[in-house]
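Q: Quick one: the structure is below, and I'll ask about it shortly.
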Amino acid sequence: MNCEHALKVLDAYLDDELDPATSAQVAQHLAACPACAARLAGHHGLRAALRQLPREPAPASLRRAIQSELTRVERADGAKRSRNVAWWQALLMAGAAASLAFVLGWWTNAPRGPELHEQLIARHVASLARPDQLVAVLSQDRHVVKPWFAGKLDFAPPVRDLGAQGFELIGGRVDRLGSRPAAALVYRVRRHVITLFVTRAASAVDEAPAASTQRGFSVLAWSAGGMRFAAISDVEPRDLQRFGELVRAPAE
Amino acid sequence: MDDPSRRERFETTILVHLDAAHNLARWLLRDDAAAQDAVQDASLRAFRFFDGMLGPSPKAWFMAIVRRTCLDGLGRARRRGVEESYDEEAHGEALQDAAGAPESPESLAIRASDLHRLHECLEALPREFREVLILREMEELSYREISAVVGVPIGTVMSRLARGRERLALRLRAPDTRKLP
């Protein structure tokens, strides 16, 4: 074997990817050729250095996020297969949640400012921490989600189908903000969850949307039609702004 | 409910390679948040298509999905006008000439011990060389596995590794990577 041929297969030799016969020929050549042997030594040095580079392991938060997404996918698939069972489970769960909300609930002034923010963040994060309780009614069909709230709340939250605009409806649940029963509508944009909380407004006066951010969460709140709306998510404020516009747009 | 053993099998055959997946994504995308997003997307995709797993090994199959997800992300970023990387293809001739210069393994070993510098040099390599080096040297995949991940013939894997090592060695020997032509 000459140098030209040896250099051609030197990397495969280093990587132990040559057949035994060729490998033996390279070894023979290397023993006799200091130039090629030096080149191989350089390769070995480089390999040793590369293997010392610290690997970038997956952070624990990423592992947790994947695990909860897997659970969500499993449950969604399971729900598709046994819709009837899931429907009854959802009804029971929501029934329990709603009665609890009504038993505990008494009207106070609608929370504002920092207090509202804290409650929004707390409820939004709590729902994300328990993927199995993110929604009590799991459906992308607003004609399923909207009637589901009937009899659970003394207002009828508008439910919009915004899938074509990139905001996929996941479903809804009965939640609370402070002591107020709230409809929580859950949307997904890319991989971010947006929760739209709807409560009964303290006054009948409509209020224009007000945007704010708190600890990385974007919040957009407004009042319309006797209801108070507050959307919260970790998306960019402009994405939430767009979401708010779509929710407020007059229904076709 | 889903068959619980499917999830278990997924965790023991695929999710055990999550560190490798994250490492690859990190080196391909050079951005922490983007890498985590890509790995999460890829994991869900893998879970969805787990029953149709193909290829030389589960690890290679998963890494192929991670790589594809990363490149899709880069494609989107480029369309938005974000530069992917400084591409040294244009300077290939100069590199080829210099690569013919006599080796000095000692000086290479000394410089390579500076891991920070090695990191920079590897990060600056064009993606096609960077990815095969990561898969071979850090993840220790075989040529056959790398060929499946990258989607090129084994002969191409071999030549990319050879050229990648050459270029990396050259960068390490240069007094300062940023001053390279």
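The values are calculated or read from the model by the stated rules, or taken from the named source; none is laboratory data. Just so it is clear, the structure is predicted and the values come from calculations on it, not from any experiment. Cβ sites come from the backbone with ideal geometry, for glycine too, and all protein chains shown count toward neighbours.
Q: Residues to consider are A:G95, A:G163; find the one that is small (G, A, S) and either at pLDDT 70 or above or in contact with a His (Cβ under 7 Å, 6 or more places away or on another chain) (or both).
A: Result of the check over A:G95, A:G163: A:G163.
Q: Residues of region A:223-248 being touching a Phe, Trp or Tyr at 6+ places or on another chain (Cβ under 8 Å), free of Cβ contacts under 8 Å to residues at least 40 places away in the same chain and in a strand (DSSP E or B), which ones?
A: Result: A:S223, A:F229, A:A231.
Q: Being aliphatic (A, V, I, L, M), loosely packed, with under 15 Cβ neighbours inside 10 Å and either at pLDDT 95 or above or not in a helix (DSSP H, G or I) (or both), is that true of even one residue in region B:54-71?
A: Checked against the condition, which is being aliphatic (A, V, I, L, M), loosely packed, with under 15 Cβ neighbours inside 10 Å and either at pLDDT 95 or above or not in a helix (DSSP H, G or I) (or both), region B:54-71 yields at least one hit.
Q: On to the next question. Kindly indicate whether A:L220 is part of a helix (DSSP H, G or I), among the aliphatic types (A, V, I, L, M) and farther than 22 Å from A:Q133 by Cβ.
A: No, not satisfied.
Q: Could you list all residues from region B:151-167 that are touching a residue at least 12 places away in the same chain (Cβ under 8 Å) and crowded, with 20+ Cβ neighbours inside 10 Å?
A: Across region B:151-167, the qualifying residues are B:V157, B:M158, B:R160, B:L161, B:R163, B:G164, B:R165, B:E166, B:R167.
Q: Among A:R173, A:R72, A:R112, which is the only one that is modelled with pLDDT of 85 or more and within 28 Å of A:G226 (Cα to Cα)?
A: Residue meeting the stated conditions: A:R173.
Q: Of these, A:R63, A:R47, A:R55, which one is within 7 Å of another protein chain (Cβ to nearest Cβ) and within 30 Å of A:A126 (Cβ to Cβ)?
A: A:R63
Q: Could you grab the pairs with beta carbons closer than 9 Å, sequence gap of 6+ or different chains, first residue in region A:8-20 and within 14 Å of A:A37 (Cα to Cα), second one among the small types (G, A, S)?
A: A:K8/B:A162; A:V9/A:S23; A:L10/B:A162; A:D11/B:S159; A:D11/B:A162; A:Y13/A:A6; A:Y13/A:S23; A:Y13/A:A27
Q: Specify which of the listed residues (A:L169, A:L138) is crowded, with 18+ Cβ neighbours inside 10 Å and within 12 Å of A:R188 (Cα to Cα).
A: Of A:L169, A:L138, the one residue that is crowded, with 18+ Cβ neighbours inside 10 Å and within 12 Å of A:R188 (Cα to Cα) is A:L169.
Q: Go through A:V144, A:V137 for me and flag whichever is among the aliphatic types (A, V, I, L, M) and within 16 Å of A:V73 (Cα to Cα).
A: When all the criteria are applied, what remains is A:V137.
Q: Further question: When only residues in region B:37-60 that are over 17 Å from B:R7 (Cα atoms) and not β-branched (V, I, T) count, which is nearest to the other protein chains (Cβ to nearest Cβ)?
A: Once the filter is applied, the top-ranked residue is B:D37.
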